[in-house]
Amino acid sequence: QVQLVESGGGLVQPGGSLRLSCAASGIAFSFYNMDWYRQAPGKQRELVARITSGGTTNYQDSVKGRFTISRDNAKNTVYLQMNSLKPEDTAVYYCKADRTAGNYWGQGTQVTVSS
């Protein structure tokens with residue numbers, strides 16, 4: 001049974017930081033590209049950051065220089081370090097394991113940036 005479990009969300013003030021984690025089980029984690037998506041109320045889900053199985057990273061323009069995606073294949077975990085958070089970063093954040101043969105989603109974790 002495949003599971004992706006996100007954690008680390010919460011309420012933070014503008015300018016603050018959070019670190020999201022996504023622990024995967026039931027898949028050959030190291031072979032998957034791992035993505036972080038987010039969905040704000042009334043908006044479409046959007047790709048925030050990706051790290052490929054080879055370690056290459058890509059970011060949405062709005063988070064470049066503020067967010068860092070990383071992975072630990074020994075722990076089957078992908079991370080999203082979020083710094084200098086802004087109110088517009090408020091959303092439910094989801095991780096996704098992506099491979100040509102198929103993909104899997106986590107249940108999401110809420111991030112709220114507000115004073």
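The values are calculated or read from the model by the stated rules, or taken from the named source; none is laboratory data. Just so it is clear, the model here is predicted, and its values are computed rather than measured. Ideal geometry is used to build each Cβ from the backbone, glycine not excepted, and the neighbour counts take in all protein chains shown. Just so you know, the surface numbers come from the protein's heavy atoms only, side chains and all, with ligands and any DNA or RNA stripped out. Shrake-Rupley method; radii C 1.70, N 1.55, O 1.52, S 1.80 Å.
What accessible area per residue, rounded to a whole number of Å², is obtained for the chain using a probe radius of 1.4 Å? Walk me through the numbers on the way to the answer.
Details: 5960 Å² over 115 residues.
Result: 52 Å² of accessible area for each residue.
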Convert each backbone phi in the range 6-19 into a coupling constant with the Karplus relation 6.51 cos²θ - 1.76 cosθ + 1.60 (shift: θ = phi - 60°), then list the ³J(HN,Hα) values in order as whole Hz, x for Gly and Pro.
-> 8, 8, x, x, x, 9, 9, 6, x, x, x, 10, 9, 10
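Excluding residue 105 itself, calculate the net charge of residues whose Cβ lies under 11 Å from the Cβ of residue 105, where each Lys or Arg counts +1 and each Asp or Glu counts -1. List each step's numbers first, then the result.
Values: positive: 45, 96; negative: 6, 35, 98.
Residues close to residue 105 contribute a combined charge of -1.
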Nearest-10 value in Å² for the accessible area of residue 51, using the 1.4 Å probe | 10 Å²
For residue 46, net neighbour charge (Lys/Arg +1, Asp/Glu -1) across residues whose Cβ lies under 13 Å away | +1
What residues have an amide H closer than 5 Å to that of residue 108, excluding those fewer than 5 places away on the same chain, when H is modeled at 1.01 Å from N in the peptide plane?
-> 6, 95
Check cross-link reach from residue 86 to the lysines: straight Cα distance under 26 Å, and skip same-chain residues fewer than eight apart.
-> 43, 64, 96
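For the chain, give the magnitude of the charge dipole about the Cα centre (Cβ charges: +1 Lys/Arg, -1 Asp/Glu; no others), in debye to the nearest 20. Present the calculation step by step, with values, prior to reporting the outcome.
Values: 12 positive and 8 negative charges, 14 e Å.
That gives the chain a dipole magnitude of about 60 debye.
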If you take the Cα Rg of the range 1-55 and divide it by 2.2 N^0.38 Å, with N the number of residues, what do you get?
-> 1.33
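Loop-only check: which trypsin sites (Lys or Arg not before Pro) in the range 1-57 are DSSP coil with at most 12 other Cβ within 10 angstrom? Before the final figure, lay out each step's value.
Working: sites: 19, 38, 43, 45, 50; in loops: 43, 45.
Sparse-neighbourhood loop trypsin sites (Lys or Arg not before Pro): 43.
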